[in-house]
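Read through the structure below, which is laid out as structure tokens, and then see the notes.
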Amino acid sequence: MYRIPRARRETGFTRHPMSSTWQPRHPALAKAVQLIEQRIGLNIAAHFQAECVPLLERLAGGNLAHLVRRLESQPESSAEWQALISTLTIGETYFLRDKDHFTLLRQTILPALTLEKRRQQRKELVIWCAGCASGEEPYSVAITLQEFLTDLPAWSITILGTDINGRAIEAARKGVYRQWSFRHTGIGFEKRYFTAVSGGAMIKPEIQKLVSWQRANILAAAPLPACDIIFCRNVLLYLKKDSIQQVEETLFRTLVPGGWLLLGQAEAIRFQRERWHLHIFPGTPIYQKPLAAGEAGRIDYEPPATHGQSTPVPFALTRESAYIDAVRAIQTDRQEEAARHLMDLLAQYPAHARAHALLAFLFAGRQALPEAQAHLDAALSYDPLLADAHYIRAMLHLEQHNTASAREALRAALYCDRGHVMSAYLLGSLQAAAGNLPDASRLWRNARRALIALAPHDYVSDLSDMTAATLDALLVARLDED
Ligand SMILES: C[S@@+](CC[C@H](N)C(=O)[O-])C[C@H]1O[C@@H](n2cnc3c(N)ncnc32)[C@H](O)[C@@H]1O
């Protein structure tokens, strides 16, 4: 897709003309970036160029080659590695993040798992939170378990939180949190499980003792041999493709057959998807390691979890401002940030059709088609006349080489919104490719007419970083060609 050039600050990186990633210009810098990417797995060139270069310069003290040699010989626990890790990783987290996951844990996963364990008279549960940042996620799991298991003392419970960032693990171990960590919980949650201390609220000892902590790199060997449940949420989002593949392998290997994997809501398994059993709950794909061979590759569309005792939200995101933030992030090529805004928005407004449509678009961009389809289904169930959703449906059909259905979906988009210029442009292109030039010209002329309503620098859609002027130029070129 054509991307609009934007002014960027001088970073020591330059954009490769044929790709969307940034390449370091100096050999020593390239080596440092490569080393960091190899060790931590982060996709630095694409996301962190602005933070990475000043930090490397500071640590290097004028000799980058020396720094690289030091880093090569040091473990990730060293002060220099930890300085890099603290700066380059994103530790955003909060209690009960992605509430749907905790509802599913309580209503679907734990009932199934504990029933089976009781049957086998093996009352033990092993849960790993990989990339747990400052610990809100493992503590939320421990609280859910405590609420669910009425005979908790009779169980052997292991909940292990790991993160590569030593400072985050120390904070988790301390268990003292500021109000910001409670932004998606009700007041009752904090009162029940925390005690006020200077500097915040401290987790109560009966929950604290359920969780253990370890500073660990997810690219190394798994810290536990066999897990019933793994949370690895909002970690893969930041990793390079080969690191993702390596982590997915570890996650699969570390789960027991029948074990469950929860990824972030905007994440999806990318490699060897066919070996997983995918459960699509509305808005929340969850993966299970198959118990039996026949379950591998199965996709089950599950009914919505009933949000029994949903906790009130202390302050509400403004619905439209959160949506607009997500759109801006998409239009400026910050897909992960967009996904985060959308997940937060859906946590509060699960029936927000346009947010589901945008998440479908983001999943489709990552080739996570079942997840994209699930969000698309949700979008269209809440708003059957949403033109963007029909447009995304067309793109999914094209992804599967189903041009006839793509045409139908684009016609549906134009039926819902005659001025949906992306649909008119794409349908025109399909018609032109099929040799139907009069129809193509008509569609492109319609698109040009619809563009008149926009200023030249307006984006043509929530789903695109193309401006009205850019699309108009494309349309003119196509009309001249054909
Ligand atoms: C956005 S936080 C996610 C926290 C929590 N899982 C959640 O969803 O709320 C991502 C965490 O992944 C950690 N991380 C990144 N690369 C890692 C690696 N190679 N090994 C272990 N943790 C890593 C970061 O330090 C950061 O704390």
Could you give the distance between the Cα centres of the stretch 388-460 and the stretch 43-119, to the whole Å? 41
Which order, highest average first, do 173-179, 130-136 follow once you tally other Cβ atoms within 10 Å for each residue and take the mean per peptide? 130-136, 173-179
Going by average Cβ neighbours within 10 Å, how do the peptides 109-120, 262-273 rank, with the highest at the top? 262-273, 109-120
For a protection proxy built on the mean count of beta-carbon atoms within 10 angstrom, sort 72-79, 193-200, 243-250 highest first, please. 243-250, 193-200, 72-79
What is the distance in Å between the Cα centres of the stretch 286-300 and the stretch 255-285? 9
Residue-averaged 222 nm ellipticity for the chain, from DSSP H runs of 4+ at -39500 (n - 2.57), nearest 500: -15000 deg cm²/dmol
Residue-wise HN-Hα coupling along the stretch 284-299, computed from phi with Karplus coefficients 6.51, -1.76, 1.60 (Hz; x: Gly, Pro): 9, x, 10, 10, 10, 6, x, 7, 10, 4, x, 8, 5, x, 6, 10
Too-long pairs where the Cα-Cα distance tops 20 Å, listed order kept, from Lys241/Lys289; Lys31/Lys240; Lys99/Lys209: Lys241/Lys289; Lys99/Lys209
With the charge dipole of the stretch 412-482 built from beta-carbon charges (+1 for Lys and Arg, -1 for Asp and Glu) about the Cα centre, the Cα from Cys416, Ala455, Ala468 projecting farthest to the positive end belongs to Cys416
Residues meeting the amide H criterion for Cys227 (H placed from the backbone, H to H distance under 5 Å, 5 or more places apart or on another chain) are Leu255, Val256
Can you tally the net charge around Gln208? Count Lys and Arg as +1, Asp and Glu as -1, for every other residue whose Cβ sits under 12 Å from the Cβ of Gln208. +3
Got a sec to turn the phi values of the stretch 384-401 into Karplus ³J(HN,Hα) couplings, 6.51 cos²θ - 1.76 cosθ + 1.60 with θ = phi - 60°, whole Hz, x for Gly and Pro? x, 9, 7, 4, 4, 5, 5, 5, 5, 4, 4, 5, 5, 4, 5, 4, 9, 6
In square nanometres, what is the average projected area of the Cα convex hull of the chain? 25.1
Electrostatic dipole magnitude of the stretch 144-248 [Cβ: Lys, Arg +1; Asp, Glu -1; Cα centre; debye, to 20]: 460
For the stretch 204-218, 3J(HN,Hα) per residue [Karplus equation, 6.51 cos²θ - 1.76 cosθ + 1.60, θ = phi - 60°, Hz, x = Gly/Pro]: 6, x, 5, 8, 4, 6, 7, 10, 10, 9, 8, 7, 8, 8, 5
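Throughout, read-outs are computed from the coordinates displayed, never taken from laboratory work. Note that the structure is predicted; figures quoted are calculated from it, not measured. Positions of Cβ are backbone-derived with ideal geometry, glycine not excepted, and every protein chain shown enters the neighbour counts.
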